[in-house]
Amino acid sequence: MEEGKVKLLAKFNLILLLVFAAGGVLISQLAHSYLIGSAKEEVQAQERLMMTSARSVRDYTADEVSPLLQQNPRHHLRFLPETIPAYAATTTFAKLRKDYPDYTYKESALNPTDPEDRATGWEVEIIDWLRDHRDEPEKTGERPTAMVPALYLATPIKATKECLECHGTPAAAPKALIAVYGSANGFGWKENEIIGAQIVSVPLSVPVANADRAYRRLLFFLLLTMIAAIVALDAAVYWLVIRPLRIVSDTADRISRGEKNVPPVQIQGKDEIANVASSFNRMQVSLAKALKMFEEE
């Protein structure tokens, strides 16, 4: 009977494993796609927070810091980069990168004063897109890099009236600015013109790594759940099905060997197994009566 029990449990476990395996593959694939998407959304939310922080630094510099520094007599003799909102935002973000080294920030322009800020390649495409879609507050997407693809968030930079004081014409620009950067670049801007973009980018490996960590945890708990479910179902099958059938089988073996006065099978309940036991008991009684009649003859 032990052999039969093992075979029945083995078949039952095989079915469970097939069902769990099929369901696990489907769930894991759906979960991985969902986790990747969620990780990207989380990273982009952080990018928006950093972009908002950079924009706030720009506004504070333009509204509060720059007017004060322009009153400094040294401003007319030596160019003070601290008066430039873009410089303040870039410098602040550079300090922020100590805690977020994977994130990069750049203010790219088509015609900047500083050649290092000139847009190249994909940055030009982003600025052109923002120019063609002036109603869109931002542009997000993925871009290829030398190592791994990167997620980016870009918002337009519009030239304000205050910007034209330095970027209108070389003649109107501060002499200290001309002395540092010359008069060849960064002029001819027009008010409300989109002249560049603030771009925050992060390697795609960051959200993928976040998703993979969550995915591994999910697989671990799924495996634990599957093992616990199999153990629980095995115990239930043994106590509710195999054990009662074993009692019926042992009783049948005793009767088949010619034992008399074998007690009836005692199985409580109203399920199918209990019905089998009741039918077996009736058969046992009928068989005993038949044997008695045969012996009397």
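Values quoted throughout were computed directly from the atomic coordinates according to the rules given, and no laboratory measurement underlies them. Keep in mind that what you see is a predicted model, and the values were worked out from it rather than measured. Cβ sites come from the backbone with ideal geometry, for glycine too, and all protein chains shown count toward neighbours.
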Legend entry - Average projected area [Cα convex hull, the chain], square nanometres: 25.9 nm²
Legend entry - Loop-located chymotrypsin sites (Phe, Trp or Tyr not before Pro) in segment 146-227, at most 15 other Cβ atoms within 10 Å (DSSP): none
Legend entry - Under the Karplus curve 6.51 cos²θ - 1.76 cosθ + 1.60, θ = phi - 60°, whole-Hz ³J(HN,Hα) for segment 96-101, x wherever Gly or Pro sits: 5, 5, 4, 9, 10, x
Inset, instruction - Mind giving me the nanometre distance, one decimal, between the label points for Trp129 and Leu240, set 7 Å out from Cα along Cα→Cβ? - result: 5.6 nm
Inset, instruction - Between Leu18, Leu110, Leu287, find the one with the highest GNM mean-square fluctuation for the chain; connect C-alpha pairs within less than 10 Å. - result: Leu287
Legend entry - Reachable lysines, given that their alpha-carbon falls under 20 Å from the alpha-carbon of Lys139 and they are not under 8 places away in the same chain: Lys40, Lys106, Lys158
Inset, instruction - Run down the lysines and flag those whose C-alpha is under 27 Å from the C-alpha of Lys270, throwing out any fewer than 8 positions away in its chain. - result: Lys5, Lys7, Lys11, Lys289
